[in-house]
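Reviewing the structure listed below.
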Amino acid sequence: MQKISSGTSSAIREIFQSDKALLGMIHCPPFPGAPRYRGASLESIYDACMRDADVLIGGGLDGLVIENHGDIPFSKPEDIGHETAAFMSVVTDRIKRATGVPLGINVLANAPIPALAIALAGGASFIRVNQWANAYVANEGFMEGRAGEALRYRSLLRAEHIKVFADSHVKHGAHAITADRTIPEQTRDLAFFDADVVIATGQRTGNAATIEEIDEVRSATDLPLMVGSGVNTDNIVDILARTNGVIVASSLKVGGVWWNPVDPQRVKAFMDAARPALGRD
């Protein structure tokens, strides 16, 4: 009998036809309505996203996660405007049509409802949710888990084919409110609330999760495990030995800085380092 708190999933294989996947990030520039938007044309925003997508997929990555990372400071889920979903749906549709690769959506901060709508409209295969269960204090303030409302909304859309990639002990925040519960306990809650993939992260964008943290999360779940922060040429082999893949961003950008364009030479170096650990012919 399956344990209700320890689900299993084959989401990585279902989506990527492989047991390990390398995913790049599309950090969208600020959209209209965001504080840092300064009047750029929509076509220039879409073109910037497409250029990064072309370099990442042309360099050999298996898929992409599209994120409104330019919309700093991020709003809480209930304050995110409809314009975010509209713009991100266009980006997603264009990238999907151009590349044909599996895509994921992450709407910051911690907003699975618009992410599901974008994924369905644009043809994405999964969403990433930073706080799926429990709660923590993020840059944006108090953040609650969104599993209950998100899964009901997914059912309403008849979009059960869209998978959920959920962070365990997510970066960019304080977890004192759940300090009496271990990371393995919190990881098991993700399976209990029907996540399909677990993501381990470091403390902030570009910071790596330690091997000890990865192993701690791995010990708590039978779900596929990815690492979603701080992945680079130096640690990719060790990480892939323990996980089902990575989401990589900063180390592939010009100068190793997340807000810069993707650097083709960094992509090549990363793929050269990762390829022996993928177990592919």
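What the table shows:
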{"item": "Those residues of segment 42-81 which are part of a helix (DSSP H, G or I) and not aliphatic (A, V, I, L, M), in sequence order", "result": "43, 44, 46, 47, 49, 51, 52, 54, 58, 77, 78, 79"}
{"item": "Selected residue (only one of 74, 87 is on the phi < 0 side of the Ramachandran plot and touching a residue at least 60 places away in the same chain (Cβ under 8 Å))", "result": "74"}
{"item": "The lone exception for residue 121 - which of (1) in a loop (DSSP other than H, G, I, E, B); (2) surrounded by fewer than 23 Cβ atoms within 10 Å (Cβ to Cβ) it fails", "result": "(1)"}
{"item": "Evaluation of residue 76 against (1) within 21 Å of residue 36 (Cα to Cα); (2) crowded, with 23+ Cβ neighbours inside 10 Å (one fails), failing number", "result": "(2)"}
{"item": "Per-region count, segment 137-171, residues in contact with a helix residue (DSSP H, G or I) (Cβ under 9 Å, 6 or more places away or on another chain) and small (Gly, Ala, Ser)", "result": "6"}
{"item": "Whichever residue in segment 215-239 is buried (at least 21 other Cβ atoms within 10 Å of the Cβ) and not in a loop (DSSP other than H, G, I, E, B) and, among such residues, is modelled with the lowest pLDDT", "result": "217"}
{"item": "Count - residues of segment 211-238 that are over 21 Å from residue 186 (Cα atoms) and either of a type in the set (Phe, Trp, Tyr) or in contact with a helix residue (DSSP H, G or I) (Cβ under 7 Å, 6 or more places away or on another chain) (or both)", "result": "6"}
{"item": "All positions within segment 254-273 that are under 17 Å from the mean Cα position of the chain (by Cα) and within 18 Å of residue 227 (Cα to Cα)", "result": "258"}
{"item": "Cross-chain or 6+ apart pairs with Cβ under 7 Å, segment 158-182 first and farther than 16 Å from residue 131 by Cβ, then at pLDDT 95 or above and part of a strand (DSSP E or B)", "result": "162/126; 162/127; 163/126; 163/197"}
{"item": "Yes/no for residue 149 being in contact with a strand residue (DSSP E or B) (Cβ under 6 Å, 6 or more places away or on another chain), of a type in the set (Asp, Glu) and free of Cβ contacts under 8 Å to residues at least 40 places away in the same chain", "result": "no"}
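Yes/no per residue for (1) among the charged types (D, E, K, R); (2) on the phi < 0 side of the Ramachandran plot; (3) surrounded by 14 or more Cβ atoms within 10 Å (Cβ to Cβ):
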| position | (1), (2), (3) |
| --- | --- |
| 18 | no, yes, yes |
| 36 | yes, yes, no |
| 42 | no, yes, no |
| 48 | no, yes, yes |
| 58 | no, yes, no |
| 62 | yes, yes, yes |
| 82 | no, yes, no |
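The values are calculated or read from the model by the stated rules, or taken from the named source; none is laboratory data. If you're wondering where the values come from, they're calculated on a predicted model, not measured in any experiment. Heads up, the Cβs are rebuilt from the backbone with ideal geometry, glycines too, and the neighbour counts pull from every protein chain shown.
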